[in-house]
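Working notes, beginning with the structure itself.
Any read-out appearing in this document is the output of simple, stated calculations on the displayed coordinates, not a laboratory observation. These numbers were taken from a predicted model, which means no experiment stands behind them. Cβ coordinates were reconstructed from backbone atoms using ideal geometry, including for glycine residues, and neighbour counts include every protein chain displayed.
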């Protein structure tokens, strides 16, 4: 494979559920060694992207490629390079802890049983315990342990933090970060807990209904995207490409922008409104997400 | 890798397989006890005459048992795959998808066929020990459609089970049930023999139905 070739490439994906448009001409790519976080409100199609990527959903039009191979014709070798975590940490729950390791180990030549049992040891559960009898959090740790043991070149994780307690979430984020950095792995993930993503992802892609709202390096969002609060006598502010989600909050106004305070002031005052006590705050990724997508 | 797939199928189906074996064994014991009782009470000559004159079904339980076993095996194998769409994990394994499905289907077919064949042999042995070869042969041939219904029911139940849309499952069930009913038509011993090759042809064709359901699953039909 050409080292410059994107690990994930989607071109002009258009998909509908019935008559409801999910995306139109969605295009993006993920370069080798990057950790990309896919964010979006409920129902914006994050899991749908993952299903399309892995060939489990045929879009109305467009194509996705993993390691250069089209999604509906992935070779066994390419599937072996992709570690897939399904939403809800779905696994074969009729196995017990030891059986499922035995089952998967024969499929992957780089299988690292130590990585799996290392994570399992922290659970303090018997190797003979059936997965179906475990708590949601324990099941998720089994699923994640299996993925690390597989040692894939690309990890696709759908809502990886679901069901994990805060300590294990932190542990997993650190583990994943180290795993990706050391092995030059590529990671494509979604999560509802955005504060975990902040310390993990290199690039952030935010989905809105039907389109990509933003696809930027996380550092750029954290450095340049800010919340501006101000007082004004204006009744309303017309839409402006520089400003995001301008709204009155109590007696003051707030807006979000990548622009400098001077540019924001200029944009706000464009219709003659008086702008007083303009103040810029830096944001966490979660605040930035809300600033970009709105609260509702 | 295929050993791993067989291992997974075994873990899923071992309880159901045990139940199937027990049901066949219980049915065989019950049938032989009934025959032994008739032979003891009426005598061999009267029994043979009755069989020749009236042509009763000597193993009525075995007409339906293989089909029930086929449905049970398919449910044990594929319901867990459909729960939470675990089939995605199975199809994501580094093997060709058709090969994975073929291995799973071959496992289920082997379970149903081997159990049926084993107990078929037991029945033939028991018949041969108590009846002349002509009667034993005719009674055994009468069971053939029922035995063939086992794998056929397995293929049809797999086809219905893996279909991702409920409305289509119902739609698949109707022709499936009608086709399966051909294996249970009442007739004199041997009357079914000309139909056996056709039933065999249908059984062979039904093996491939499951690939259609899986293709629809892969396309994300909901």
Over chain A, the sum of -39500 (n - 2.57) across DSSP H runs of at least four, divided by residue number and rounded to 500 deg cm²/dmol, gives at 222 nm -9000 deg cm²/dmol
In whole angstrom, the spacing between the Cα centers of the range B:87-120 and the range B:1-77 equals 22
Tilt, helix B:209-218 to longest principal axis of chain B (alpha-carbon atoms), in degrees rounded to tens, equals 20
Computed over chain B: longest principal axis from alpha-carbon atoms vs helix B:166-181 long axis, angle to nearest 10 degrees, is 20
If each part is reduced to its alpha-carbon centroid, the range B:162-181 and the range A:211-235 end up apart, in Å, by 54
As a percent rounded to 5, the proportion of antiparallel DSSP bridges among beta bridges in chain A is 65
With N residues in the range B:2-218, Rg(alpha-carbon) / (2.2 N^0.38 Å) equals 1.14
Output ordering of A:80-89, B:54-63, B:109-118 (per-residue mean of other Cβ within 10 Å, highest first) is A:80-89, B:109-118, B:54-63
From fewest to most C-beta neighbours within 10 Å, the residues A:133, B:17 line up as A:133, B:17
Kirkwood Rh over alpha-carbon pairs of the range A:152-206 plugged into Stokes-Einstein at 4 °C, 1.567 mPa s gives a D in µm²/s of 113
Taking every residue of B:83-93, the Cβ atoms of other protein chains inside 10 Å of its Cβ average out to 6
Taking Cα atoms only, helix A:136-150 is inclined relative to the longest principal axis of chain A by an angle, in degrees rounded to 10, of 70
